[in-house]
1. Starting from 0.36 nm per residue, how many nanometres of slack lie between Lys69 and Asp86 once their C-alpha separation is accounted for?
2. Just to be sure I understand the model, the point goes 7 Å from the Cα along the line to the Cβ. What's the resulting Met146 to Lys26 distance in nm?
3. Which of the GluC sites (Glu not before Pro) across the range 139-216 are loop residues per DSSP, with 16 or fewer other Cβ within 10 Å?
4. Calculate, for Tyr128 and Leu107, the FRET efficiency according to 1/(1 + (r/R0)^6) with r their C-beta to C-beta distance and R0 22 Å; round to the nearest 0.05.
5. Going by a ≥ b ≥ c, the root eigenvalues of the Cα gyration tensor, does the range 1-75 fall in the rounded group (a/c under 1.5), the prolate group (a/b larger than b/c) or the oblate group?
6. Want the number for Ala167 to Ser205: 0.36 nm per residue separation, take away the alpha-carbon distance, what's left?
7. Which shape class applies to the range 3-193: rounded if a/c is under 1.5, otherwise prolate when a/b exceeds b/c and oblate if not, where a ≥ b ≥ c are the square roots of the Cα gyration tensor eigenvalues?
8. Taking the mean number of other Cβ atoms within 10 Å as a proxy for protection, how do you rank 31-42, 51-62 from highest to lowest?
Amino acid sequence: MDLRELEKDNTGRCRLSSPVPAVCLKEPCVLGVDEAGRGPVLGPMVYAICYCPLSRLADLEALKVADSKTLTENERERLFSKMEEDGDFVGWALDILSPNLISTSMLGRVKYNLNSLSHDTAAGLIQYALDQGVNVTQVFVDTVGMPETYQARLQQRFPGMEVTVKAKADSLFPVVSAASIFAKVARDQAVKNWQFVESLQDLDSDYGSGYPNDPKTKAWLRKHVDPVFGFPQFVRFSWSTAQAILEKEAEGRTQPLRRTLGSLEGSHPTSLARALRPAACRSPTGTSRSEVWRQPTASRGKCVNPPLLLGN
C-alpha cells in the first residue's frame, strides 16, 4: 500500500482510495465499513470502506476474507494484494486519523469524543463513495457504541440505501471483513514507517502492541516523554495512560524547581531570574545583556529565546 501522502504529513488526516471499478458505477453495490487502531495509545486510527457489485459478492467471499484480527500479518498482506489484483470489481477507500488529530479533537473546548469522531468518519467515507459515483444500495458497518442508535443515525443520513449495523460485523459480512483487512494493513504500515516530526534521541522502535496496558508500550511512553513538551505526535496524549505518565514525570521534574523557589523566597527579582535561567542562556562574564542578545544564536548555546530580563 502506498502511504507516501501520509508520510509527507502525518499530523492531521489523510484519505487514500483505489480507482473506482467501472462496474461499480453501473451495478448496485454493497459496501462495508470497519476500522483498525481505535484502542491503542500509539499511532493513527484507520477507517476503511470496501465495496463491490452485489453480483460479484460471491467472488469476494471466495477469497476467504475474514476478520483481520483472526489473520496473521502475512495472511492479511496476501488478501490485500489479491483484492488489489481484483480491482476490476473491488474498490476501497481509507481515512487515516493521526494521533494528534484524535487527541486535539477529544480535548478541545467543544468536546468531540471518540465515538462521535468514529461515526462521522464512517459516514464521511460512505458519502465519499457516493460522491465518486459508486452505486451503493447496501451498507454493513461494524458498530461503535449502541448498534441500534448508530444504525438509525446512518439510515437517516442515507435514506436511499439499506443500512445494517452489527457488533462483530467484520466476522459476519465478507465485505466488512475485507474493509477490516484494508484498515489493518494500512495502520500496520503507517505505524511501522511512522515519520517522527520531533528530533528524538535514542528512539526505540519497539513500541509493543501500542495498547495502554502493554508493559512495553508503557515503557516506551516513559522513555519518550518530556516533562515540558509532553509526547511525540505519535502518542494520543488524551489517553489516560499517557496523561498519568506525563503527570508523574512532570511532578518528578518540578520538585527541584519548587525547592529552588522556596530557597529564593523574598529575593530580588534579578536573583530569581538568574537562578531560573538555563546556564546556556546566561550572560558570559563581562558581557552586557544587550551584547548577548545581539550575538548570533549559535554563540549562545542551545537557548534560542531572548535572555530573561527582570529588574536592573
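1. 3.9 nm
2. For Met146 paired with Lys26, the spin-label model returns 4.4 nm.
3. Glu198
4. After rounding, the FRET efficiency stands at 0.25.
5. oblate
6. Gain on extension, Ala167 to Ser205, equals 10.3 nm.
7. Here the range 3-193 falls in the oblate category.
8. Highest-to-lowest ranking by the protection proxy: 31-42, 51-62.
Read-outs: derived from the displayed coordinates by stated rules, not from any lab. Small disclaimer: the values here were computed from a predicted structure and weren't measured. We place every Cβ from the backbone using ideal geometry, glycine too, and count neighbours over all the protein chains shown.
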